[in-house]
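So the structure is just underneath, and the comments pick up after that.
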Amino acid sequence: MTFQIWGAVFTGMVLSIMLMNIVQWTTYRDRNYGLYTLYMLAWLFYFGLRVYTFRDWFSLETNHFVRAVAPMGAYYIYFDFIDSILDLRHRLPNFYRQLQRIKVGIVIYIGIHLLLCYGPSLWNPVLYEVTFIMMRLAMAVLGVYGIQQMLSLCDPVSRMYAIGTGFLLVGGLTSMFLSMVRPYEDWAGPFWMVSLTYMQTGIIAELVCFSLGLSYRQRRAAVRNAMIEQELMHEREKHHRDQLEAELVMQRLEQEKTEVHIRALQAQINPHFLFNSLNSLSALIDDDTQQASIFLDELSSVYRYMLRANDQILIPLASELAFIRSYCHLLQTRHGQALRVEWAVSPVLLALQLPPLTLQLLVENAVKHNVILADYPLTIAISTNENNQLQVRNNVQRKTVRVASNGVGLANIWSKYQILNQPIPTIQEDRGLFIVTLPLIEKECSV
């Protein structure tokens, strides 16, 4: 195989590696693949201008300039590529600073050869060859030192790049020494007799190592990202569980707090009701013992309901109405025809709920603050409306003497509805009527 055929094989291999790298670059949008592509393009540019038919298109000065400068351009990109891959500026800061100084030296070297090759009457073949050989030897020394530094990082990617750099170093030195031994080479002869073959072989081996290192790095990054994502998912799940548990604890605490508040309100009602009932019973005993006996039976029935209601936060409207009928019977026993109670409750609403003893407080409030006489009877109407609300109305005929109040009454009802997060009952006084409207609560409502 001639060197010309080998050159085509070399170009095909580099192009194949570069195309695969461009696909990776497009997929991952990683700057490293862009630098790697530029590095391969620099070598293709160098060999394309120096070896193949393109060299005949340019002047002798340009060919001399490409021979000396093009590899330095590839090395310049190589320094940025290695720094980006291995993070030299943080992991090997001293070596990174040395590379920056070498890059400045490469720029100066390119400037010198620009003057030598294109400056009028400045061409000096000896100076050209001396600077060319010295720069290649300096890059070889730097390569040995760089390999040592990369191996000190002790990770698979660094070792892969150190090995690749070693292949390039060996190939470049072999090519340089052979070109010095055989300055005139027959490129139409066997490829292994041409010095550039060994440099190209070193570059191919280097690119294979670099590609393997990039693939390993990408796979390791993908595994690490997957592990991080899995840990984040576990953390999110744990946070979500903790949040749900905290919300459940808060709900339980709020429920316990609400129940305690409602129990406290109900505890306020019982002594108040008992005190008024005993006063009524005491008055009846003096007037009519038979009525007092009936009153006592009714009182026992009412109080049993109250004891049972103390264990409940909400109670069906049907149960509350049955209770308030007994309670009103006790009041009517005391006041006779002076107290009238009217009922107009829709049967379809009997399953709805309200806080227990609410009606007792409203009826008691009406009795406490209004005149109840045969000539001025007090009428209390308990009814429902089209908005599924319960209304308690009484005619207003306030007592002229201020009645002492312990502050329970309406405020107690309002507090219960607030604790239950329900709409607050409304009060209005219109055309001599005092009207309290109570929202009825669905069965599904919970504290």
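Observations, loosely collected:
- Look at 194, 170 and count the other Cβ atoms within 10 Å of each Cβ; fewest to most, that gives 170, 194.
- Taking label positions 7 Å along the Cα-Cβ direction at both residue 278 and residue 181, the computed distance is 12.6 nm, reported to one decimal.
- Stretched out straight at 0.36 nm per residue, the stretch from residue 288 to residue 151 would grow longer than its current Cα-Cα span by 38.0 nm.
- For 69, 181, order by how many other beta-carbon atoms lie within 10 Å, fewest first: 181, 69
- Based on the Kirkwood approach, the hydrodynamic radius assigned to the chain is 31.2 Å, with every pair of different Cα atoms included.
- Pairs of lysines in the chain (C-alpha under 25 Å apart; 8 or more residues apart or interchain): 5
- Region 285-415: translational diffusion in µm²/s, Stokes-Einstein, Kirkwood Rh over Cα pairs, 20 °C, 1.002 mPa s: 135
- Under 15 Å, Cβ to Cβ, from residue 241 - net charge with Lys/Arg +1 and Asp/Glu -1: -3
- MRE, 222 nm, helices only [DSSP H, n ≥ 4, -39500 (n - 2.57), over the chain, to nearest 500]: -25000 deg cm²/dmol
- Shown here for region 1-55: chymotrypsin sites (Phe, Trp or Tyr not before Pro) in loop regions (DSSP other than H, G, I, E, B) with at most 15 other Cβ atoms within 10 Å, namely 52.
- Cβ-derived FRET efficiency at R0 56 Å, residue 237 paired with residue 396, nearest 0.05: 0.35
- When DSSP beta bridges are restricted to pairs lying wholly in the chain, around 80% turn out antiparallel.
- Shape category assigned to region 3-237 from the gyration tensor of Cα positions, a/c cut at 1.5: prolate
- With the simple model of a label 7 Å out from the Cα in the direction of the Cβ, residue 346 to residue 248 spans 4.0 nm.
- Here region 85-143 and region 296-349 have alpha carbon centers that stand 106 Å from each other.
- Simple spin-label estimate for residue 110 and residue 129 in nanometres, 7 Å along Cα-Cβ: 2.7
- Taking trypsin sites (Lys or Arg not before Pro) as exposed when DSSP calls them loop and at most 14 other C-beta atoms lie within 10 angstrom, the chain has its longest site-free stretch at 30-398.
- Based on Cα contacts under 8 Å between residues 6+ apart, the chain shows a relative contact order of 10 percent.
- Relative contact order for region 3-237, counting Cα pairs under 8 Å that sit 6 or more residues apart, in percent: 20
- In terms of its C-alpha gyration tensor, region 24-133 has an oblate overall shape, because the principal axis ratio a/c (a ≥ b ≥ c, square roots of the eigenvalues) is not below 1.5 and a/b does not outweigh b/c.
Values in this text are rule-based calculations from the coordinates and carry no lab data. Bear in mind the structure is a predicted one, so any value in this text is a computation, not a measurement. For neighbour counting, all protein chains shown are included, and Cβ atoms are generated from backbone atoms with ideal geometry for every residue, glycine included.
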